[in-house]
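Notes follow once the structure below has been shown.
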Amino acid sequence: MASRRHVNPSDPRRITRTMPATQLVALLLAFLLTAGAGGVLAAGLAIPLAAGASTATDSTVELFEEVPDELTPGPLSQASFVYAADGSLLATFYAQNRIVVPLDEVSDAMKNAVIAIEDERFYEHGGIDPRGITRAFANNLAGKSTQGASTLTQQYVKNVLIDQAEQEGDPFGVLEAREDSVERKLREAKLSIALEKEMSKDEILQGYLNVAQFGTSVYGVETASHYYFDKSAKDLTPVEAATIAGVTKAPSQFDPTVNPEESQKRRDIVLNKMWSLGYISTEEYNDAISTPIADTLNVTPIEVGCQAADGAAFFCEYVIKEIMASPEFGETSGDRQELLYRGGLEITTTLDPAKQTAAEQQVTTQVPADNTAGLESAVVSVEPGTGKILAMAQNVPYDPSSDPEPGTTSVSYAADYAHGGSRGFHPGSNFKPFVLAEWLKTGRTLSQTVSASKVDRPLTAWHATCRGRFGRETWGPANSEGNLTGNMSVLKATYLSVNTAYASMSTQLDLCDLRNTAWDMGFRPTVDNRTRQPLTNPTVEDVYVTPAMVVGTQNTSPLQLAAAYATIASNGTYCEPIAITKVAKPDGSEIKVPSANCNPDALPGNVAATMVYAMKNVLTIGTAHGMELAGGRPAAGKTGTNQLSAQTWFTGFTPQISTTVWVGEASGETPHFDVNFQGRYIRTLYGSSIAAPLWRDYMNQATDGMPVEDFPAPDPALIGGGGSSQSSPNTASPASSTSQGSGTGNDGDGGQG
């Protein structure tokens, strides 16, 4: 045999020289005589004596002494699991599909089956089997195949070395641990004898049952039991145990899902051994071998990754992106991936399965993936006061493969670029509540009147202390129908979403203060308006200050809008969206998870309550009139439509849940005029057209069974003038007042509604 490349002599997986098979067995036999066959190891004394007794060469002694005399099994690579808030399984991640269990959670039949077929004298020897070695010695001298008479302890050592090499990313170590060579047998023998001094027989058996491979991609007895029979290892019967025990000799060859005939033959051999050793009765044996293996199987495949989460796959992907970006889970992305795929984590998330089911049902029913208008849609809900993401669904199915099926996507429309790949969308009039918040924060009231007439104002009409003077261009948005003029109250301008009125309001504000208020409430841009590049970690300075900002001209995500509106719903507390509530390791210890960093002072409570008062009218007499929730449940919200009706929105909330519905076109700013949507003609797509009804129907399901709660009372001082909503001399019916306008200026179009 050729010499091997030089490696670290202290590595228990590696040896630098080779030896003939006969010399190996002779050495082991002599070693047994010296060590008393009980595995008493005295490195440096017993081995040279044994070598001398067997007339082995000095090089053989050196070879044996190069092997370390101890092995410390580390944590095994285990699968990680992602759960919904109620404990239901969403997805599994693994490099090796393994669940580690203690020996008392394995049936006696399974223990007996493994001992019977692999090492019937397991409880008698000290790590290596003298009888087996004698048999191997005779076979090798006779020129038959090389044998090492591997015990369960030796097999455990081999599997531990393989697992350690794989976890270290060492493919050569894996090959060396698996090679069919006398060196490997020598290494396993010495380590096995040492291991038997440190571990009890039951500990070794437990370790073997958890580390061994029991199928093509099945590791450990618990995983094998669930995979082949959909039950725990503690409930395995003799015939089931014999099937699993028979697989490990050659996992590909004897996997019953791959080669059922070969697997059944192997199973019957195991059963015969169990019978001959008295582990099962003659009646049990006859019944078992007469049972076709197909009749015993209840195969339950475990799909790796977020595709197993079905409609919740985009939420699952959000969770994984959060883990991969969070230093709590490791210094580098490689460390975090290793922890996820090998760390045996139990990841509990915020997802509410009932709300998720409702979101999936409504978005896929009301905006089918193959709808005639080519519209995409997303629904996402956040819990006010906690930031918990309760539901996240979209109408286009998830497919992260390099060659996705037509009509699928890996992009999450609800999330930001860092958590799902979307660049976000123009929010249109979904931005106006931030303007209203700044208006009220400055002491102005809902009853104050502003001009709703279209005026192309010079940009110098606006001021921004953080930016300086604007250019000389003019800007003035229009309204969707063009028939709203004169003065009107801010209250009416809000529930009718009047662009021109909000442009008038913004001239009285410091746009930099507006930026800060929007940021504090939770507005997060997803694209830099200067470079048009996606933002993965935006700051307040990334909120682009411009007159047109008041009508939503900077991209954001549906999730972030739901979180920002939750600030209003919670009477002023902003919480960053969170998807994970707990991560536990196999030993029960927990990893710190990203915090929602709730800020109870994001918005003054009286301002939030007064905003709710104004926004309730949107559902009753405003742009989304007729969208009240069932049973008179208190709710408020706001429609949104961006330039050319490319993106439409409705974000609304109760005290317990804030939800954004987005309906639009994900790949670009495609106009939506004269739309044929599932046989329905839509002249101009607004937030009230599809998004608002979808929101209402979903929210009725999502809030079903929740206690009915109302919002705090508004501040009369911020309502002003008795709170009248009839202060404008020019009224318009709700049907004609959704403010989709057009306008030009150096900061882009500003016609939103």
If I go through segment 231-275 residue by residue, how many of them are assigned to a loop (DSSP other than H, G, I, E, B), open to solvent by 30 Å² or more (accessible area, probe 1.4 Å) and modelled with pLDDT under 95?
4
Tell me, which residue of segment 383-403 that is more than 16 Å from the chain's Cα centre (by Cα) and among the acidic types (Asp, Glu) is nearest to residue 305 (Cα to Cα)?
403
Of 280, 323, the only residue that is part of a loop (DSSP other than H, G, I, E, B) and open to solvent by less than 60 Å² (accessible area, probe 1.4 Å) is 280
Select from segment 462-480 the residues that are closer than 27 Å to residue 496 by Cα, in a loop (DSSP other than H, G, I, E, B) and in contact with a Gly (Cβ under 8 Å, 6 or more places away or on another chain) and list them in ascending order.
476, 477, 478, 479, 480
Does segment 404-417 hold any residues that are of a type in the set (Gly, Ala, Ser) and either open to solvent by 40 Å² or more (accessible area, probe 1.4 Å) or on the phi > 0 side of the Ramachandran plot (or both), and which are they?
407, 410
Restricting to segment 481-491, and then to whatever is in a loop (DSSP other than H, G, I, E, B) and not polar (S, T, N, Q), can you tell me which residue is most open to solvent (accessible area, probe 1.4 Å)?
481
Has segment 75-96 got at least one residue that is more than 32 Å from the chain's Cα centre (by Cα), open to solvent by 10 Å² or more (accessible area, probe 1.4 Å) and closer than 21 Å to residue 154 by Cα?
no
For segment 703-723, state whether one or more residues are within 30 Å of residue 632 (Cα to Cα), among the polar types (S, T, N, Q) and at pLDDT 95 or above.
yes
Of the residues in segment 327-351 that are hydroxyl-bearing (Ser, Thr, Tyr) and open to solvent by 10 Å² or more (accessible area, probe 1.4 Å), the one that is nearest to residue 163 (Cα to Cα) is 341
Qualifying residues in segment 565-593 (those that are over 23 Å from residue 649 (Cβ atoms) and open to solvent by less than 20 Å² (accessible area, probe 1.4 Å)) - the one nearest to the chain's Cα centre (by Cα):
580
Pairs, please: C-beta under 9 Å, at least 6 apart or cross-chain, first residue polar (S, T, N, Q) and in segment 153-181, second at pLDDT below 75 and open to solvent by 40 Å² or more (accessible area, probe 1.4 Å)?
181/1; 181/18; 181/146
Does segment 352-366 include one or more residues that are open to solvent by 30 Å² or more (accessible area, probe 1.4 Å), farther than 21 Å from residue 698 by Cα and not in a helix (DSSP H, G or I)?
no
Scanning for something in contact with a Leu (Cβ under 6 Å, 6 or more places away or on another chain) and either without any contact (Cβ under 8 Å) to a residue 12 or more places away in the chain or among the acidic types (Asp, Glu) (or both), does segment 187-202 turn up at least one residue?
yes
Kindly indicate whether any position in segment 512-528 is within 30 Å of residue 325 (Cα to Cα), in contact with a helix residue (DSSP H, G or I) (Cβ under 9 Å, 6 or more places away or on another chain) and free of Cβ contacts under 8 Å to residues at least 24 places away in the same chain.
yes
Anything in segment 613-642 that is within 34 Å of the chain's Cα centre (by Cα) and outside any loop (DSSP other than H, G, I, E, B)? List them, or say none.
630, 636, 637, 638, 639, 640, 641
Of those in segment 283-320 that are open to solvent by less than 70 Å² (accessible area, probe 1.4 Å) and part of a loop (DSSP other than H, G, I, E, B), the residue farthest from residue 380 (Cα to Cα) is 291
Here are some residues: 406, 458. Which one is free of Cβ contacts under 8 Å to residues at least 24 places away in the same chain and over 27 Å from the mean Cα position of the chain (by Cα)?
458
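The values are calculated or read from the model by the stated rules, or taken from the named source; none is laboratory data. Predicted model only: the values in this text are computed from it and were never measured. We place every Cβ from the backbone using ideal geometry, glycine too, and count neighbours over all the protein chains shown. Surface accessibility is based on the protein's heavy atoms, side chains included, excluding ligands, DNA and RNA. Shrake-Rupley method; radii C 1.70, N 1.55, O 1.52, S 1.80 Å.
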